[in-house]
Amino acid sequence: MGEALIKPVTRAAEALIRAGDEYHGLFPSLIDRSTFRMLDELPPEIPGQRRCDRAHRGSNLIHDEAALKTLYALSAYTGNPDYRAAADRYLERFAKHCTATASGLFPWGEHSYWDLDRDWAGSGYALRSLDEYARSQAPPSATHDHLRQAPAWLWEKLYSFNPGAVERFAEGLDWHWTEGGPPEEYNRHAPVTERKRARRRETANDFPRHSGFYIFDWAFALRVTGRAIFKEWIERAIAHWWEKRDSPGLLLIKSRPANIDINAPGQTISLAASLLESAEVLAPSHPELAAAMRTRAETYIDGFLAAPHDLERGVYAIESRRGDNSLVTAMPVWGSVYSIWPAAYIALVCLCAYRLTADERLYAWAESAGRRYATEPLPGDV
């Protein structure tokens, strides 16, 4: 049975590796399933997807992270070194060839990628006008957004291939802090191809989960470089949301405008998990900072669990009202659209935090979601 299950996975992995041979090991983001070559035409976006969030004629490491991890697992399981070699080839090419940006930030994430045709940092926003982009003679203005947290194993791999690129990326994260203020504020978007600070908008764009991504990146950089500036930046990022929590420990979806009253339980537990993972990285070298991270993470976990979830009925809050803690929006079970995560996503974050805390309440939350999936058939339109 094990071999029957693994065979389709290895077949897909080998097709993906072949597709990357033409691009020094980088995987094309959109592939024709009949030819295994990169698509020439950008297909229409599916419901809930934005055109500018794809990597047409390009490669996006944040999209490929899980596939690369699978290749390492396949190599360990099958004993075939080719899978590991393919993953290493991809990451070495990215680390050494795709990271020399003006800001130090990598062309990956939600809005940028590596353009495999033009061999430069591509912009998802440029996909809004494909003809205009095709005529361009210079790299477009690309925007950095982390999309999700880059895990420790990925940072370790990239650092082994190009330590300087990882350090420059950690420095480049400072461009996410905006001009203006007080108060200090970061924007989840920052320029990749320019050395300038992110723009402060009419409403804040400082989603809590993104500060957790930056904190983890800086934690890794602090561990491997020992540079005090990364510790300072971690402490600044930790402080940004700490004074903005409500009494249960929930965080707003963004810090401005002043009258916003929507809490974001999913963002809150995401930041908690990032703090816990960062504490694991720094505990040997910076125990006091790690302890502070754990203390704040525990408060945010309490806040997440205090949100108006109903585990018995399988209702999971993704937005709640600050003040009366009423439900605003529930997470879908099957299917999702931009900015609305399915329950499975947050269940995985809960399990991550559970692994690091042994807090049984987090396991119960994830178990409730799992039971909901087990009893609810996959709809035909998803």
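The values are calculated or read from the model by the stated rules, or taken from the named source; none is laboratory data. Not measured: the values here are computed from a predicted model. Every residue, glycine among them, receives a Cβ derived from its backbone with ideal geometry; neighbour counts consider all protein chains shown. Accessible surface is based on the protein model in full, side chains and every heavy atom, while ligands, DNA and RNA are left aside. Shrake-Rupley method; radii C 1.70, N 1.55, O 1.52, S 1.80 Å.
For the chain, adding -39500 (n - 2.57) for each run of n ≥ 4 DSSP H residues and dividing by the number of residues yields -15500 deg cm²/dmol at 222 nm.
Answer with one residue from LEU311, CYS352, ILE340: the one whose Cα lies farthest towards the positive end of the charge dipole of the range 289-382, charges on Cβ with Lys, Arg +1 and Asp, Glu -1. Farthest towards the positive pole: CYS352.
The overall shape of the range 31-99 is prolate: from the C-alpha gyration tensor, with semi-axes ordered a ≥ b ≥ c, the ratio a/c is 1.5 or greater and a/b exceeds b/c. In the chain, carbon and sulfur make up what percent of the accessible area (probe 1.4 Å)? Carbon and sulfur atoms account for 52 percent of the accessible area of the chain.
Coupling constants for the range 183-194 follow from the phi torsions by the Karplus curve (6.51 cos²θ - 1.76 cosθ + 1.60, θ = phi - 60°), and in residue order they are x, 5, 7, 10, 10, 5, 9, 8, x, 8, 9, 9 Hz; glycine and proline get x. Since only ALA67, THR35, TYR90 are under comparison, the one whose Cα sits farthest along the positive direction of the charge dipole of the range 1-151, derived from C-beta charges on Lys, Arg, Asp and Glu, is ALA67. Close amide-amide hydrogen proximity is noted between VAL315 and ASP310, each under 5 Å apart and 5 or more residues distant or on a separate chain (H modeled in the peptide plane; Pro and chain starts excluded). Convex hull of alpha carbon positions in the range 269-329: directionally averaged projected area 4.7 nm². I want to check the label-to-label distance for PHE161 and ALA85. Put each point 7 Å from Cα in the C-beta direction and report it in nm to one decimal. Here the modelled spin labels are 1.6 nm apart. Where (i) 21.0, 61; (ii) 19.2, 59; (iii) 21.6, 75 are the candidate values, the label of the one calculated here for Rg and Dmax of the Cα atoms in Å is (i). At most 10 other C-beta atoms within 10 Å and a DSSP loop state: those are the exposed trypsin sites (Lys or Arg not before Pro) I care about. Give me the longest piece of the chain that has none. Segment 34-312 is the longest. One Cα centroid belongs to the range 95-155, the other to the range 197-244; the line between them spans 22 Å. Think of each Lys and Arg Cβ as +1 and each Asp and Glu Cβ as -1; about the Cα centre, that makes the dipole of the range 294-382 roughly 200 debye.
The residues of the chain expose, per residue, 46 Å² of accessible area to a 1.4 Å probe.
The charge dipole of the chain, taken about its Cα centre with unit charges on the Cβ of Lys, Arg, Asp and Glu (plus for the first two, minus for the last two), comes to roughly 280 debye. How would the range 135-245 be classified by its alpha-carbon gyration tensor: rounded, prolate or oblate, with rounded meaning a/c under 1.5 and the a/b versus b/c comparison settling the rest? In terms of gyration-tensor shape, oblate.
A simple spin-label model places pseudo-atoms 7 Å from Cα toward Cβ; at ALA258 and TRP153 they are separated by 4.8 nm. Modelled label positions at GLU360 and LYS69, each set 7 Å beyond Cα in the direction of Cβ, lie 2.8 nm from each other. Shown here for the range 1-79: GluC sites (Glu not before Pro) in loop regions (DSSP other than H, G, I, E, B) with at most 11 other Cβ atoms within 10 Å, namely GLU41.
When the alpha-carbon atoms of the range 82-128 are used, the pair Rg, Dmax equals 12.0, 38 angstrom.
3J(HN,Hα) along the range 127-136: 5, 5, 9, 4, 5, 5, 5, 4, 7, 5 Hz, from the Karplus curve 6.51 cos²θ - 1.76 cosθ + 1.60 with θ = phi - 60°, whole Hz, x for Gly and Pro.
Between the beta carbons of ASP32 and GLU367, assuming R0 = 35 Å, the FRET efficiency works out to 0.30 to the nearest 0.05.
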